[in-house]
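S.K.: Quick one: the structure is below, questions incoming.
The values are calculated or read from the model by the stated rules, or taken from the named source; none is laboratory data. In this text, all values refer to a predicted model and were calculated from it rather than measured experimentally. Glycine gets a Cβ as well: all are built from the backbone with ideal geometry, and neighbour counts include every protein chain shown.
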Amino acid sequence: MSHRRILTSLAGLAAAALAVPGIAAASPAPSVPSSAPTHVSTYTGSPQDEAATKAFYDAVMKSARAKQAKAGNKLAAVTVTYAVDAPSFASQISSSTSIWNSSVSNVRLVEGSNYDFYYTEGNDSRGSYASTDGHGSGYIFLDYAQAQEYDPVRITAHETGHVLGLPDHYSGPCSELMSGGGPGPSCTNPYPDATERSQVNSLWANGFAGFTTKAAFHTSR
């Protein structure tokens, strides 16, 4: 199956969905509300990127606290549904999902047709990246070449962390999942550390759900 080059769009998920073979947007097409913080983050980056990712995380936390205060105390975990248009990375996506579902309790990832975010694959000079609002929406692009250099399960779990609201911390040690490619290709740890697990649970406490706009997932191989 051939894949078109994914073009990053800060206008929202609608444009990205139309650019991915195998995914057809529902009518109306899904989009990230303009008030939502939208962030594009690559697996490898520079320390200068951390200011932007910190601002992203702060914006997500602010939104989460507001939603939590409004929602009150909800005990059930939030279910975030994803679709897969990245067959080469099917096992890595499955492993990443298992890692996150066993690491946090306030949000659960499940694969399904009525999705909140999706995975796709191909070649891009930027490598792997996530385009997301941090509320469970957006998409994750997995790069073929980068997955040959860096551990693909760590890449997938790292980018999924962005969808769950976590920022990059490239200067962190290998034990931090969100340090991404910072520790170098020898780092293969695919697990979030205690602080990262706590951050995700805090973000998704009391039923902090992503936006309800979704799209239908169709395959045409």
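S.K.: Is it the case that region 137-146 has a residue that's part of a loop (DSSP other than H, G, I, E, B) and either in contact with a helix residue (DSSP H, G or I) (Cβ under 7 Å, 6 or more places away or on another chain) or surrounded by 24 or more Cβ atoms within 10 Å (Cβ to Cβ) (or both)? Can you show your working first?
M.R.: Step one: of region 137-146, the residues part of a loop (DSSP other than H, G, I, E, B) are 137.
Going one step further and asking which of them are either in contact with a helix residue (DSSP H, G or I) (Cβ under 7 Å, 6 or more places away or on another chain) or surrounded by 24 or more Cβ atoms within 10 Å (Cβ to Cβ) (or both), we end up with 137.
Looking for residues that are part of a loop (DSSP other than H, G, I, E, B) and either in contact with a helix residue (DSSP H, G or I) (Cβ under 7 Å, 6 or more places away or on another chain) or surrounded by 24 or more Cβ atoms within 10 Å (Cβ to Cβ) (or both), one finds at least one in region 137-146, hence yes.
S.K.: Of the residues ALA77, ALA59, only one is modelled with pLDDT under 95 and within 18 Å of ARG197 (Cβ to Cβ); which?
M.R.: ALA77
S.K.: Then there is this: Looking only at residues in region 148-178 that are touching a Ser or Thr at 6+ places or on another chain (Cβ under 7 Å) and of a type in the set (A, V, I, L, M), which one is surrounded by the fewest Cβ atoms within 10 Å (Cβ to Cβ)?
M.R.: Across region 148-178, the extreme among qualifying residues is VAL153.
S.K.: So which pairs qualify, if the first residue must be in region 194-205 and closer than 16 Å to VAL78 by Cβ, the second must be in a helix (DSSP H, G or I) and of a type in the set (Val, Ile, Thr), the Cβ gap must be under 7 Å, and the two must be at least 6 apart or on different chains?
M.R.: LEU203/VAL60
S.K.: Taking region 165-188 on its own, how many of its residues are touching a residue at least 24 places away in the same chain (Cβ under 8 Å) and of a type outside the set (D, E, K, R)?
M.R.: Going through region 165-188 one residue at a time, the tally reaches 12.
S.K.: Also, quick follow-up: Of all residues in region 110-125 being in a strand (DSSP E or B) and surrounded by fewer than 13 Cβ atoms within 10 Å (Cβ to Cβ), which is modelled with the lowest pLDDT?
M.R.: As a first pass, look at region 110-125 and keep what is in a strand (DSSP E or B): 110-111, 114-115, 117-122.
Okay, now just the ones that are also surrounded by fewer than 13 Cβ atoms within 10 Å (Cβ to Cβ), so 110, 114.
Working: VAL110: 97, ASN114: 92.
Selected residue: ASN114.
S.K.: Whether any residue in region 120-131 is small (Gly, Ala, Ser), within 15 Å of ILE93 (Cβ to Cβ) and within 9 Å of the chain's Cα centre (by Cα) is what I want to check.
M.R.: yes
S.K.: Tell me which of these SER131 doesn't satisfy, since it passes every other one: (1) in contact with a Leu (Cβ under 9 Å, 6 or more places away or on another chain); (2) closer than 19 Å to THR44 by Cβ; (3) of a type outside the set (Asp, Glu); (4) not in a strand (DSSP E or B).
M.R.: Every condition holds for SER131 apart from (4).
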